[in-house]
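The values are calculated or read from the model by the stated rules, or taken from the named source; none is laboratory data. The shown structure was predicted, so the numbers you read here are calculated from the model rather than taken from an experiment. No Cβ is skipped: glycine too gets one built from the backbone with ideal geometry, and neighbour counts run over all protein chains shown. Calculation scope for accessible area: heavy atoms of the full protein, side chains included, ligands and nucleic acids excluded. Shrake-Rupley method; radii C 1.70, N 1.55, O 1.52, S 1.80 Å.
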Amino acid sequence: MQIFHGRTESLPSEMRGATFSGEVWADPVMPLTDGVTINNVFFPPNARTHWHTHEQGQILLVVAGKGWICLAGEKARAIRTGDTVWIPAGEVHWHGAASNSYLLHTAISLGKTDWQDEVTSTQFAEATE
């Protein structure tokens, strides 16, 4: 058994970069442990992940705000405070904030994440209209 105490005040939040569009911030909740990572992720309006998959799936717990989750080839689906999203292994997807709201979610990622291409502004607009 391991206990991971809450965020240490002396540690800064991490600004995410190469696999996100916009100024996305994260606080690790649990470091990589047995192939599982847990992060609180804050997206300002319009910020989003790049396309990606998870080796064994991902769980998103929407803590506050509203946003989108989008599977490749489909329209984005709205998510909001209190929602839980299960993304099965291998599903190509992105997630992020709505254009008029921030999004804060806890991401529980199972296994390796395979990061892919950026979600362009055009793709984002078409998926969320």
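Can you give me the number of residues within the stretch 80-98 that are assigned to a strand (DSSP E or B) and in contact with a Lys or Arg (Cβ under 9 Å, 6 or more places away or on another chain)?
As a first pass, look at the stretch 80-98 and keep what is assigned to a strand (DSSP E or B): 80, 84-87, 93-97.
This time we only want the ones that are in contact with a Lys or Arg (Cβ under 9 Å, 6 or more places away or on another chain), so: 80, 85, 94-97.
The number of residues fulfilling the criteria is 6.
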Picked from the stretch 47-79 (must be in contact with a Gly (Cβ under 6 Å, 6 or more places away or on another chain) and assigned to a loop (DSSP other than H, G, I, E, B)), the residue surrounded by the most Cβ atoms within 10 Å (Cβ to Cβ) is ALA47
Only residues that are under 12 Å from THR113 (Cβ atoms) and of a type in the set (Gly, Ala, Ser): list them for the stretch 85-100, please.
ALA89, GLY90
Filter the stretch 66-91 down to the residues that are under 19 Å from VAL24 (Cβ atoms), of a type outside the set (Gly, Ala, Ser) and touching a residue at least 40 places away in the same chain (Cβ under 8 Å) and list them by number.
TRP68, CYS70
Across the stretch 15-43, what is the number of residues that are under 12 Å from the mean Cα position of the chain (by Cα) and either surrounded by fewer than 16 Cβ atoms within 10 Å (Cβ to Cβ) or aromatic (Phe, Trp, Tyr) (or both)?
5
Give the stretch 1-44 a look and list any residue that's under 30 Å from THR120 (Cα atoms) and charged (D, E, K, R), or say none.
GLU14, ARG16, GLU23, ASP27
Scan the stretch 99-113 and give yes if some residue there is surrounded by fewer than 13 Cβ atoms within 10 Å (Cβ to Cβ), free of Cβ contacts under 8 Å to residues at least 40 places away in the same chain and not in a strand (DSSP E or B), otherwise no.
no
Take ALA125 and decide whether it is farther than 21 Å from GLN56 by Cα and loosely packed, with under 15 Cβ neighbours inside 10 Å.
yes
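Taking PRO12, is it part of a loop (DSSP other than H, G, I, E, B), open to solvent by 80 Å² or more (accessible area, probe 1.4 Å) and either touching a strand residue (DSSP E or B) at 6+ places or on another chain (Cβ under 6 Å) or modelled with pLDDT under 95 (or both)?
Considered against the rule, which asks whether it is part of a loop (DSSP other than H, G, I, E, B), open to solvent by 80 Å² or more (accessible area, probe 1.4 Å) and either touching a strand residue (DSSP E or B) at 6+ places or on another chain (Cβ under 6 Å) or modelled with pLDDT under 95 (or both), PRO12 comes out as yes.
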